[in-house]
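For reference, the structure discussed in these notes is given below.
The values are calculated or read from the model by the stated rules, or taken from the named source; none is laboratory data. A quick note: this is a predicted structure, and the numbers were derived from the prediction, not measured. Cβ placement follows ideal geometry from the backbone for every residue including glycine, while neighbour counts extend to all protein chains displayed. These area figures cover heavy atoms from the full protein model, side chains too; ligands, DNA and RNA do not enter into them. Shrake-Rupley method; radii C 1.70, N 1.55, O 1.52, S 1.80 Å.
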Amino acid sequence: MIIVLKSHSTQEQAEELLALIKSKGLEPLYLPGEERTVLGALGDERQLAELHFENHPYVEEVKAILSPYKKVSRELHPEDTVVTVANTRFCAEDFVVIAGPCAVENEAQMQTVAKGIHAAGANLLRGGIFKPRTSPYSFQGLGLAGLELFAKAAADNQMGTVTEVTDIEEVAQLDGKVSMFQIGARNMQNFRLLKAVGQTRTPVLLKRGMAAKIDELLLAAEYIVDNGNEQVVLCERGIRTYETATRNTLDLNAVALMKQRCHLPVVVDPSHGTGVRELVVPMAKAAVAAGADGIIVEVHPDPTVAMSDAHQQLSVAQFQELMHQIAPFVKAAGRSFA
Ligand code: PEP
Ligand code: MN
């Protein structure tokens, strides 16, 4: 339930109502805005009805929260949430570019990519240390052995790091050692993992499951936020459809819809979204036009020998060309590169 207080209401009045909400065993939320103070009450709807706030002298309006997710909903929180990762801000004015290889393979690979993408204007370095692969026989990542060379390549080029965690143990191992956790498509509904990253203060890049509905992605984000971590960025990375000409079907509807319904930043992954190198640039442009706050792109010094996702990774030169090609779209969207 959303409770909009009358204008000129005082903090004491808000606190009085928050105490009432709490006394009913509900979770009170205090959301002071520039014009009006809004309170939230989350929990059993029957307890909410008993409060009869619609007749309360401090209250202007009472509205039900119609969406199944609450804390990530724009109904409750109309302003955009700004997510800060290292020196980079995901916000309405900026366009963030996360780039790097699918997997961290070796030091020379990481140094070459980090230097090249930084020079081209990328903000954050991605790279998988723990790789969740469809086949148990595929390269599974360097594990913790890859962390140091990954972190060094990023630090040498003044970039923050984004890497995937696939279980709770990895969250503990990497917390404080990377700038942003990635939850991959295969783990979007791993609720214990969502709770674990929710209990840290490290920002989270939450990727859409390959067969997940938009509401399910937003409810997965709700788990993280409900556990105390509001620094969440959503990622559309394509869904599985009947189409086999591309690896996945990039659902740009999801970008526009999530920007309307949810206050968290949204980025697009045109690499996994298409699985086809030649489609990465056009779909990156489309992502900017659809209102994305950034992109995450796979880049490898020599994609033909990449140990994973060889068909979709860009070379450093192709990444430079991507940055050049999307620049006018970023400007037309009223944004600047972060
Ligand atoms: C990745 O980004 O490396 C990855 C595995 O992506 P996804 O989880 O979207 O398949
Ligand atoms: Mn990949």
Return the carbon/sulfur percentage of the accessible area of the stretch 94-204, one whole number, probe 1.4 Å, all protein chains in place. 50
Local electrostatic count at E169 - Lys and Arg +1, Asp and Glu -1, tallied over other residues with Cβ under 12 Å: -2
With a probe of 1.4 Å, find how much accessible area the chain has per residue, and write the answer as a whole number in Å². 44
Residues of type lysines that K285 reaches as a straight line, Cα spacing below 18 Å, ignoring anything fewer than 8 places off in the same chain: K259, K331
In whole Hz, with x marking every Gly and Pro, tabulate ³J(HN,Hα) for the stretch 93-98 from phi via Karplus 6.51 cos²θ - 1.76 cosθ + 1.60, θ = phi - 60°. 7, 10, 10, 9, 10, 9
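Ignoring ligands, DNA and RNA, what percent of the 1.4 Å accessible area of the stretch 240-338 is carbon and sulfur? Can you show the working numbers first?
Values: 2350 of 4230 Å².
Result for the stretch 240-338: 56 percent of the exposed heavy-atom area is carbon or sulfur.
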Using alpha carbons only, how many degrees (0 to 90, rounded to 10) separate the axis of helix 316-332 from the longest principal axis of the chain? 40
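Counting only pairs 8 or more places apart or on different chains, how many lysine pairs in the stretch 111-241 have C-alpha atoms closer than 16 Å?
Details: K115/K152; K131/K207; K152/K177; K195/K207.
Final tally of qualifying lysine pairs is 4.
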Along the positive direction of the dipole of the stretch 23-148 (beta-carbon charges: Lys, Arg +1; Asp, Glu -1; about the Cα centre), which of C91, G146, G25 reaches farthest? G146
Crossing angle, helix 277-290 versus the chain [Cα axis fit, 0-90 degrees, rounded to tens]: 20
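Would you please give the FRET efficiency between S138 and E79, computed as 1/(1 + (r/R0)^6) with r the Cβ-Cβ distance and R0 = 45 Å, to the nearest 0.05? Each step should come with its number before you reach the end.
On the way: r = 43 Å, r/R0 = 0.95.
Result of the calculation: an efficiency of 0.60.
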Using alpha carbons only, how many degrees (0 to 90, rounded to 10) separate the axis of helix 107-120 from the longest principal axis of the chain? 60
